[in-house]
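To start, the structure itself, in structure tokens.
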Amino acid sequence: MKTIHLCVSVRGLLHHSDRELRNFLKWITGDGGKPFASVTALRAALMEELSQGNEVLPTGPCEGFDYKTGCPGHEQQPGDGQ
């Protein structure tokens with residue numbers, strides 16, 4: 001069995017309206033796990049991610065995460081419970 005962790009598209013987030021992004025402020029956090037103070041700050045952080053070549057962001061911990069393609073997939077042994 002293979003586990004593949006979710007990720008989110010940076011460009012996809014940027015296509016959302018300010019109103020939609022305001023709702024996302026509840027669950028999107030910056031470095032250190034702190035929520036963004038405003039939609040403007042979130043948009044700036046997303047643009048910074050793109051400038052660094054990052055197309056996708058992890059939605060949680062993922063060993064070997066690739067910021068262009070996402071989770072590489074993780075083989076699981078039966079009973080791992082991951």
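Read the figures in this text as sums done on the coordinates, not as results from a lab. Because the structure is predicted, anything quoted here is derived from the model rather than measured. Positions of Cβ are backbone-derived with ideal geometry, glycine not excepted, and every protein chain shown enters the neighbour counts.
Sort out which residues of segment 16-34 are exposed (fewer than 14 other Cβ atoms within 10 Å of the Cβ) and over 22 Å from Cys71 (Cβ atoms), and write them in order of number. Lay out the reasoning, then the answer.
Of segment 16-34, the ones exposed (fewer than 14 other Cβ atoms within 10 Å of the Cβ) are 17-20, 22-23, 26-27, 29-34.
Within segment 16-34, Ser17, Asp18, Arg19, Glu20, Arg22, Asn23, Lys26, Gly32, Lys34 qualify.
Restricting attention to segment 26-38, which residues are of a type outside the set (Ser, Thr, Tyr) and outside any helix (DSSP H, G or I)? Reasoning before the result, please.
To start, the set of residues in segment 26-38 that are of a type outside the set (Ser, Thr, Tyr) comprises 26-28, 30-37.
Listed by number, the residues that qualify are Lys26, Trp27, Ile28, Gly30, Lys34, Pro35, Phe36, Ala37.
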Q) Can you tell me how many residues in segment 5-25 are in contact with a helix residue (DSSP H, G or I) (Cβ under 6 Å, 6 or more places away or on another chain) and either closer than 30 Å to Gln76 by Cβ or in a loop (DSSP other than H, G, I, E, B) (or both)? A) 2
Q.
Just to be sure I understand the filter: pairs with C-beta atoms under 8 Å, separated by 6 or more residues or on different chains, first member in segment 8-35 and closer than 16 Å to Pro58 by Cα, second member assigned to a loop (DSSP other than H, G, I, E, B) and of a type in the set (D, E, K, R). Which pairs pass?
A. Ser9/Glu55; Val10/Glu55; Arg11/Glu55; Pro35/Lys26
(Q) Being in contact (Cβ under 8 Å) with a residue 60 or more places away in the chain and outside any loop (DSSP other than H, G, I, E, B) is the filter here; which residues of segment 39-78 pass it? (A) Gly70, His74, Glu75
